[in-house]
Amino acid sequence: MAKQRVGVYPGTFDPITNGHMDIIKRSLGLVDQLVIGVATNPSKNPLFTLEERVNIVTRETAPLVENSGTAIEVVPFDELLMKFAERVGADFIIRGLRAVADFEYEFQMTGMNYQINPDIETVFLMADPKYQTIASRLVKEVAMYGGNIAPFVPQQVGLEVVAKVDGMAK
Ligand code: ADP
């Protein structure tokens with residue numbers, strides 16, 4: 001039997017957006033198993049707890065498994081990305097690349113990761129142009145000012161972001 005290709009898609013997913021969803025859908029065609037790594041990332045001061053983010057990503061990606069047949073596992077992590085990737089037996093790290101904004105950071109991170117473990121390849125995918133400008137940070141900002149975030153996130157996630165932001169304002 002051919003070797004199973006395992007990809008890791010790491011992120012903070014605070015919250016998961018239509019941009020993330022598009023990258024996940026594209027990844028499913030490339031790997032046999034996709035591990036979505038949800039980073040604790042306390043330095044980013046997340047709106048949602050780690051447990052909430054894991055639960056939301058799990059719920060939103062569940063229908064994709066049925067459609068693609070590719071296994072998806074959603075796993076929290078709080079360690080060096082390369083250590084996490086090695087631990088789950090990943091062959092690839094998958095990252096989404098948006099216009100110029102992501103390039104510098106991704107370029108540096110990939111360069112350093114190749115020195116840590118040259119056997120794990122980083123693969124960059126571009127989202128559909130209509131999702132390229134979506135960023136979790138901006139979704140939260142729009143919601144805090146009462147703007148409509150429906151075009152940017154899955155429906156249920158939109159309701160959860162608004163509820164969270166409203167709860168904080170009280
Ligand atoms: P991180 O804290 O690792 O940047 P994010 O949740 O912000 O976590 O993003 C995870 C990955 O998804 C990153 O590779 C990021 O570039 C990518 N990504 C986020 N939003 C989009 C988008 N709208 N289109 C394409 N890629 C995206």
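Could you tell me what percent of the DSSP beta bridges with both partners in the chain are antiparallel, to the nearest 5?
Once the DSSP bridges in the chain are tallied, antiparallel ones form about 0 percent.
With a cut-off of 15 Å, note down the residues of the stretch 57-97 whose backbone N falls inside the zone around a label point 7 Å from the Cα of Leu159 toward its beta carbon.
Counting only backbone N, you get 59-60.
Quick one: pull the percentage of alpha-carbon pairs in the chain with a separation above 30 Å. Please report the intermediate quantities before stating the final value.
Details: 2130 of 14365 pairs.
Cα-Cα pairs in the chain separated by more than 30 Å: 15 percent.
Non-local amide H neighbours of Ala39 (under 5 Å, H modeled in plane, Pro and chain starts lacking H): which ones?
Here Gly11, Thr12, Phe77 satisfy the definition.
Between Val123 and Met168, what is the FRET efficiency for a Förster distance of 35 Å, r being their Cβ-Cβ separation, to the nearest 0.05?
0.45
Kindly express, to the nearest 10 degrees and within the range 0 to 90, the angle between helix 155-169's C-alpha long axis and the longest C-alpha principal axis of the chain.
In the chain, helix 155-169 runs at an angle near 60 degrees to the longest axis.
Can you give me the relative contact order of the chain as a percent, contacts being Cα pairs under 8 Å and 6 or more apart? Write down the numbers at each step before the final one.
On the way: 234 pairs, mean separation 48.1, N = 170.
In percent, rounded to a whole number, it is 28.
Rounding to the nearest 20 debye, state how big the charge dipole of the stretch 6-132 is about its Cα centre with +1 on each Lys and Arg Cβ and -1 on each Asp and Glu Cβ.
The calculation lands at about 240 debye.
Would you grab the residues whose amide H sits under 5 Å from the one on Gln132? Only those 5+ places off in sequence or on another chain, please, with H modelled 1.01 Å from N.
none
Give the cross-link partners of Lys44 among the aspartates and glutamates, using a straight C-alpha distance below 18 Å as the criterion and excluding same-chain residues fewer than 8 apart.
Straight-line reach from Lys44, under 18 Å: Asp14, Glu52, Asp78, Glu79, Asp102, Glu106, Glu141.
For the stretch 22-41 and the stretch 68-86, write down the distance between their C-alpha centroids in whole Å.
Their Cα centres are 8 Å away from one another.
Highest GNM mean-square fluctuation, the chain, Cα pairs closer than 10 Å: which of Gly147, Gly96, Gly37?
Gly147
Pop the C-beta distance of Ser43 and Phe103 into the FRET formula with R0 = 25 Å and round what comes out to the nearest 0.05.
Step by step, r from the Cβ atoms, then E = 0.75.
Each reported figure results from applying straightforward, stated rules to the coordinates on display, with no laboratory input. The structure presented is a predicted model; accordingly, all values stated were derived computationally and were not measured. Reconstructed Cβ throughout: ideal geometry from the backbone, glycine too, with neighbour counts over all protein chains shown.
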